[in-house]
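The values are calculated or read from the model by the stated rules, or taken from the named source; none is laboratory data. None of the values given here were measured: they were computed from a predicted structure. No Cβ is skipped: glycine too gets one built from the backbone with ideal geometry, and neighbour counts run over all protein chains shown.
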Amino acid sequence: MTTYQLTVNDQRREVDVDPTTPLLWVLREELKMTGTKYGCGISACGACTVHLGGVATRSCVVPVSLIGDRPIVTIEGIGTDPVGRAVQDAWVEKDVVQCGYCQSGQIMTAVALLKDKPRPTDANIEESMGGNLCRCGTYVRIREAIQTASAQLK
Amino acid sequence: MFVVVAGWLVAASVKIANGNATSINASVASATPADGLAEWQRVYSVLTYPRCINCHTATNYPQQGDDRHRHFANVIRGPEGKGVAGLNCASCHQEKNSDATGVPGGHNWHLAPLSMRWQDVNDRKLTSAQVCRALIDRAKNHGLDGPGLLKHHEEEPLVLWAWNPGRRPDGSARSLPPLTHDQFVEATRRWVAAGTPCPKGP
Amino acid sequence: MREFLEAATSRRLSRRKFLRVSAGAAGGLLVSIYVDLPASAQEGTQAPQKVFPPDAFVHIKPDGQILITVNRLEFGQGVHTALPMILADEMDADWSQVVAELAPAADVYKDPIFGIQFVGGSGSIAHSFQQYRELGAKTRAMLVATAADRWHVTPDQCRTANSVVYGPGNQSARYAELADEAGRKPIPDKVRLKQPSEFRLIGKRVRRLDSRAKCNGSQKFGLDLDLPGMKIALIARPPVFGGRVRSFNDKDARSIAGVADVFEIPLAKGSAVAVVADRFWTAKQARDRLTIDWDLSGVEHADTRALTEKYRALARTTGKVAASNGDQNAMNAIAPANRLVAEYEFPYLAHSPMEPLNTTIRFDGDRAEAWAGSQFQTFDQMAIADVLGLKPEQVTFHTEMTGGGFGRRAVADSHVQREAAAIAKRLRGTPVKLVWTREDDVRGGYYRPMHVHRVEIGIGRDGMPAAWKHVVVGQSILAGTPFAPMLVKNGVDGTAVEGTADTRYNIPNLHVSVHHPTVNVPVLWWRSVGNTHTAFVMETLIDELATRARIDPIVYRRKLLKADAGKLRRALDLMDEKSAGWRNSLPPGHALGVSCHEAFDTGVACAVDVSIENKRPKIHRVTIALDSGVAVNPLTIESQFQAGVAFGVSQIVAKGAITLKDGRVEQRNFDGYAPPYMVDAPVAVDVHIVPSTEAPTGCGEPPVPVISPAVVNALAKLTGKRYRSLPLVTL
């Protein structure tokens, strides 16, 4: 067990965990922040996506020992970011969610896309969102919501 | 006699071009083009091993596994070989391997540029001659000369990674290239000393 | 599940049939159909709740908030919004004040048609539409009666709107003010329901109630549950179904800090080793360090290749007859040149809902509390009680918001709950959350069974089928379940032949038979069940016939459909109309594919625009039309159909197969078994609902069967190939 200092959604947090513990489980079980989801554990689905040092990152495969001082932003905190808020609002406006379990990851990924490309093309969307699984299949509405958020942020 | 002189001339020009390559001098006397070609084949056997060639693709995606299948989750090359926003290489690959979760890692994880592709668009390995020509083409290899190539093989973290590739998600160890890193460096050294000869033909 | 609806839809039968679920004398579940006879004729039977007291469904709070209880699992289909909408509409409630909750397991929340609490068969709205309307109307009536009493007027002098009762004069009273007293009024036997023209919510595109919480991380799913002192359990299961533990070494596992216990537990078949720890990651690491000596003898080692050969051989023989009409010798009169013979192969499919299976149970000796995203609350509650030695009513069973199900959470043997209960029993007093990892899920069985079909069609002069001989081979989903005695008739499991034995096409001299091999792989219904494979076979063959006859595929279908296939006809016509604009002007390299299929009483037709990109089918557009009776929430329906076709693409994506080799599942996780990603799914889907005032039918499953055949029909034009083996590994 090792103690780590983490910055999560602008707050300093301290955890005492095995160094191999993925950030996902640190968030969910040490910090009780369950908005970030476990879907596969091998970075194939994106449900665990957070922002780490400003980069959309699949927290299920990143051991806490490799985080360093990179700040972490989760779905619980992205709403204070204007792009994050616009994406969440667009998701609600466009009635994107079904079961909703993948959507934290979808939203965090979409925010990363829009921060890089405020006017994404369909191809940009398909590439950036292309690694996020939605078993219910809400992809059509995800595409629409990203365009809505983009327009809203103009 | 002529071959030895030619070899000496090549070695001499290399030495002039890069005064640091003292190690090359040591091999000058024994490095014939034929030897060089044999060393190249050994280098080629490593370059085209999955641990290396999986990131030297001709397509917009990396490969993974010993069977070199397309990397899962539709990860793609992106404009700088680092993926795209939301799905960067760095979204999963960190500075070190994460054995507990089966994700390999190394400093600045990214795809080799398309100029350094060692496969065709159908994921078939290029021939020894093709890879060799690409490797020594300074317009394609970021301006590396022989010593530069040697240094790349010796020191580049992502190259070194191939000999410390970590564990797969199922816990098994990833397989290693056919030569040790030392052997690979030595083969490179000899090949460079021989004047980086390439096989003839297609 | 179509048999359920056919057996039980009260409109069609003169007497309602209910499922009666009880514990069998020897343990286990007994499920039987009994007929709703007058009470005197029903000794010892217990009818499911027929009077639904509004106070179990509606709670009006003093601040005006209205909490509506939903008698279904919400796992994406939108029932968490649609059922409250129905109730709120009849109740004239202020929709902005409505919140919804999922009902725990209880008699009053049982499905009014089937008498068990469940979600499945696309039946939530179909079965509860009337029920929730009545609940809303009764609640309104009681509120109005209260106000009328206070004002000394009659109820019909009052009107209601937005949670307010208005009297004939200036009187008004908010529902919140009246609620307490209204709750003490008698529940009216009969109520007036609204005319469709009076609907304010029903029929409107109403956004989901659960969106915001699911977008900001605050929605708790079953896996998110956290209780004081809770432990996490993982189970190391045998690599071959039914294997058992011979011995195990847990020394390394126990050496990890935080591991509480390691012990063997029985499974329905065979045994396994459970690991209990204080954290998921601890439990996982400990499980990885177990060394288990498995006894894999005495159980079949199922192998996909061997099974395929066996199934193909079986398909050449007649099985148990599922449908037989006309002249069974008609085929002999048709020249071989006018016959088409086709064999189809379908793999096992995993449901893989995004939220892996999990259940939390705390056993306190004389009672227990359980939390799970369950599609089968009644069965699951009984199973937990059975393992713990309790009566079902001693088990409080909470229904959690769930990350997908697709049938995986509706398991008659309640195996996940039984595993969890066995562990909870040992941990008495400590709550334990059993988690299935994604690997457990991909390898854990309960798949859509693999199938082989062999079809021989005799083609008439007009290009229409003149004889049709169809053999289906696949495991019976219902065999061994409490549903079997009721729904497996003459050796035929209807869920294997729905969509072909009961085809809506007017096929003369039709003969459908089925073989149900016994295989050591647990199987289960997968969203749209038998239609997943039968629709593929039917719709690709019909297309082939149309092509052969040089008849437009829509025209051909219209010609071949039975006259009374009203919903399919209307869906086909609407699809025709809405796709006409683009269908005939596709760019080079694109092709059109069409299909239509009726499932769960809903008729669906679609047209797709497909090209080949990067060696995969690229679905640019889907125009899909449906007739599901009255559309309660057209927005939900649009979502279900847009997403349902993306789900249906699961059947054709390259990594869309579960295969077994020497008893072991070859896939591990989403790297080897991959559902559709965005690139695989249709880019654009436009949904068109046939206007209707008929009773509502399902939308959860009907979109799934039509997409794979439509895409493959398009591919046939692009490559000249007919695809008869799924998934499409190469084109």
Self-check item: strands (runs of 3 or more DSSP E) lying entirely in segment C:54-168 (those with 1 or more residues that are at pLDDT 95 or above, within 15 Å of C:R192 (Cα to Cα) and not assigned by TED's automatic domain parsing to the domain that holds C:L635)
Solution: C:159-161
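Would you please name the residue that is nearest to B:E186 (Cα to Cα), looking only at residues in segment B:141-159 that are in a loop (DSSP other than H, G, I, E, B) and under 11 Å from the mean Cα position of the chain (by Cα)? Talk me through it step by step, then tell me what you get.
In the first step, residues of segment B:141-159 are kept if they are in a loop (DSSP other than H, G, I, E, B); the result is B:141-145, B:156.
Imposing the further condition that a residue be under 11 Å from the mean Cα position of the chain (by Cα) reduces the set to B:141, B:156.
Working: B:N141: 20, B:E156: 15 Å.
Result: B:E156.
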Quiz item: Hey, does segment A:19-32 have a residue that's surrounded by fewer than 24 Cβ atoms within 10 Å (Cβ to Cβ), part of a helix (DSSP H, G or I) and charged (D, E, K, R)?
Solution: yes
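For segment C:552-563, does any single residue satisfy the condition of being buried (at least 24 other Cβ atoms within 10 Å of the Cβ), out of contact with any Ser or Thr (no Cβ under 6 Å at 6 or more places or on another chain), free of Cβ contacts under 8 Å to residues at least 60 places away in the same chain and under 21 Å from C:S528 (Cβ atoms)? Lay out the reasoning, then the answer.
Residues of segment C:552-563 that are buried (at least 24 other Cβ atoms within 10 Å of the Cβ), as a first pass: C:557.
Right, trim to out of contact with any Ser or Thr (no Cβ under 6 Å at 6 or more places or on another chain) and you get C:557.
Still in the list and also free of Cβ contacts under 8 Å to residues at least 60 places away in the same chain: C:557.
If we keep only those that are under 21 Å from C:S528 (Cβ atoms) too, we end up with C:557.
Looking through segment C:552-563, at least one residue is buried (at least 24 other Cβ atoms within 10 Å of the Cβ), out of contact with any Ser or Thr (no Cβ under 6 Å at 6 or more places or on another chain), free of Cβ contacts under 8 Å to residues at least 60 places away in the same chain and under 21 Å from C:S528 (Cβ atoms).
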Self-check item: Hits in segment C:230-259 (condition: touching a residue at least 60 places away in the same chain (Cβ under 8 Å) and not in a loop (DSSP other than H, G, I, E, B))
Solution: C:K231, C:I232, C:A233, C:L234, C:I235
Practice problem: Considering only segment C:386-399, state which residues are surrounded by fewer than 24 Cβ atoms within 10 Å (Cβ to Cβ), within 25 Å of the chain's Cα centre (by Cα) and not polar (S, T, N, Q). | Solution: C:P392, C:H398
Quiz item: Any residue in segment C:286-296 that is farther than 21 Å from C:G491 by Cα, part of a helix (DSSP H, G or I), among the hydroxyl-bearing types (S, T, Y) and not assigned by TED's automatic domain parsing to the domain that holds C:L510?
Solution: no
Practice problem: Taking the residues in segment C:564-597 that are outside any strand (DSSP E or B) and among the hydroxyl-bearing types (S, T, Y) as candidates, determine which candidate is surrounded by the fewest Cβ atoms within 10 Å (Cβ to Cβ). | Solution: C:S585
Quiz item: Just checking, which of C:N614, C:N633 is within 14 Å of chain A (Cβ to nearest Cβ) and surrounded by fewer than 24 Cβ atoms within 10 Å (Cβ to Cβ)?
Solution: C:N614
Quiz item: Looking at C:S124, C:S128, C:S163, which one is buried (at least 22 other Cβ atoms within 10 Å of the Cβ), polar (S, T, N, Q) and in contact with a strand residue (DSSP E or B) (Cβ under 8 Å, 6 or more places away or on another chain)?
Solution: C:S163
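Of everything in segment C:520-533 that's in contact with a Pro (Cβ under 8 Å, 6 or more places away or on another chain) and among the β-branched types (V, I, T), which residue is surrounded by the most Cβ atoms within 10 Å (Cβ to Cβ)? Even if it seems obvious, please write down each step before you answer.
Residues of segment C:520-533 that are in contact with a Pro (Cβ under 8 Å, 6 or more places away or on another chain), as a first pass: C:521, C:523, C:528, C:531-532.
Cutting the leftovers down to among the β-branched types (V, I, T) gives us C:521, C:523, C:532.
On the way: C:V521: 23, C:V523: 21, C:T532: 26.
Top of the filtered list is C:T532.
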Quiz prompt | Options A:L66, A:L27: the member that is of a type in the set (A, V, I, L, M) and in contact (Cβ under 8 Å) with a residue 24 or more places away in the chain | solution = A:L27
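Find the strands (runs of 3 or more DSSP E) located wholly in segment C:382-464 whose residues include 1 or more that are under 16 Å from C:I361 (Cα atoms) and in contact (Cβ under 8 Å) with a residue 40 or more places away in the chain, and list them. Talk me through it step by step, then tell me what you get.
Numbers: elements: C:395-399, C:432-435, C:451-459.
Here the list reads C:395-399, C:432-435.
Quick check on segment A:114-133: of everything there that is among the small types (G, A, S) and facing chain B (nearest Cβ under 8 Å), which residue is farthest from A:G41 (Cα to Cα)?
The extreme case among them is A:S128.
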Self-check item: Residue in segment A:67-77 that is crowded, with 24+ Cβ neighbours inside 10 Å, touching a Cys at 6+ places or on another chain (Cβ under 7 Å) and facing another protein chain (nearest Cβ under 10 Å) present
Solution: no
Quiz item: Can you spot a residue in segment B:72-80 that is within 20 Å of the chain's Cα centre (by Cα) and not hydrophobic (A, V, I, L, M, F, W, C)?
Solution: yes
Self-check item: Hits in segment C:205-229 (condition: in a loop (DSSP other than H, G, I, E, B) and within 8 Å of chain A (Cβ to nearest Cβ))
Solution: C:R207, C:R208, C:D210, C:N216, C:G217, C:S218, C:Q219, C:K220, C:F221, C:D226
Exercise. Might you check whether a residue that is under 13 Å from the mean Cα position of the chain (by Cα), hydrophobic (A, V, I, L, M, F, W, C) and more than 7 Å from every other protein chain (Cβ to nearest Cβ) occurs anywhere in segment A:93-105?
Key: no
Exercise. Could you identify the single residue in B:S115, B:S128 that is small (G, A, S) and crowded, with 19+ Cβ neighbours inside 10 Å?
Key: B:S128
